[in-house]
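S.K.: My structure is below; once you've seen it, I'll send some questions.
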Amino acid sequence: MNELAEEIEAALAEVFGKWELGLLARAVVIAEVLDEDGERTLSVITTPGVPDWDTVGLCRYGALSVENTGRGFLGDDE
């Protein structure tokens with residue numbers, strides 16, 4: 001899983017750089033994934049070195065943002 005986290009970190013850093021969003025410090029990616037049988041699972045991946053308590057905090061902050069605005073930080077209007 002560490003190699004996957006490193007690849008996700010590199011991909012996010014590249015995209016953030018391309019869009020001039022700033023330097024990626026850390027991230028939590030929450031993705032719904034379909035397996036080969038069509039079963040849905042939730043995958044939570046952090047960039048390397050993010051402690052569990054920071055993962056929970058980032059997720060809660062993100063959820064509150066979506067609840068308050070109806071979308072994440074970078075919706076269609078931004």
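S.K.: Scanning for something assigned to a strand (DSSP E or B), among the aliphatic types (A, V, I, L, M) and under 14 Å from the mean Cα position of the chain (by Cα), does segment 3-26 turn up at least one residue?
M.R.: no
S.K.: If you don't mind, another one. Six or more apart or on different chains, Cβ under 8 Å: which pairs go from a residue in segment 58-78 that's farther than 19 Å from Thr47 by Cβ and among the aromatic types (Phe, Trp, Tyr) to one that's in a loop (DSSP other than H, G, I, E, B) and modelled with pLDDT of 85 or more? Could you list them?
M.R.: Qualifying pairs under 8 Å: none.
S.K.: Here is a further query. Just for segment 27-55: of the residues that are acidic (Asp, Glu) and farther than 20 Å from Asn2 by Cβ, which one is nearest to the chain's Cα centre (by Cα)?
M.R.: If we take residues in segment 27-55 being acidic (Asp, Glu) and farther than 20 Å from Asn2 by Cβ, then Glu32 is nearest to the chain's Cα centre (by Cα).
S.K.: Pairs, please: C-beta under 6 Å, at least 6 apart or cross-chain, first residue within 20 Å of Asp52 (Cβ to Cβ) and in segment 19-32, second of a type outside the set (D, E, K, R) and assigned to a strand (DSSP E or B)?
M.R.: Hits for this filter: Val28/Thr46; Val29/Ile45; Ile30/Val44; Ala31/Ser43.
S.K.: Another question, if that's okay. Inside segment 20-76, can you point out the residues that are polar (S, T, N, Q), touching a strand residue (DSSP E or B) at 6+ places or on another chain (Cβ under 6 Å) and surrounded by fewer than 10 Cβ atoms within 10 Å (Cβ to Cβ)?
M.R.: Thr41
The values are calculated or read from the model by the stated rules, or taken from the named source; none is laboratory data. Values in this document were obtained by computation on a predicted structure and should not be read as measured data. Ideal geometry is used to build each Cβ from the backbone, glycine not excepted, and the neighbour counts take in all protein chains shown.
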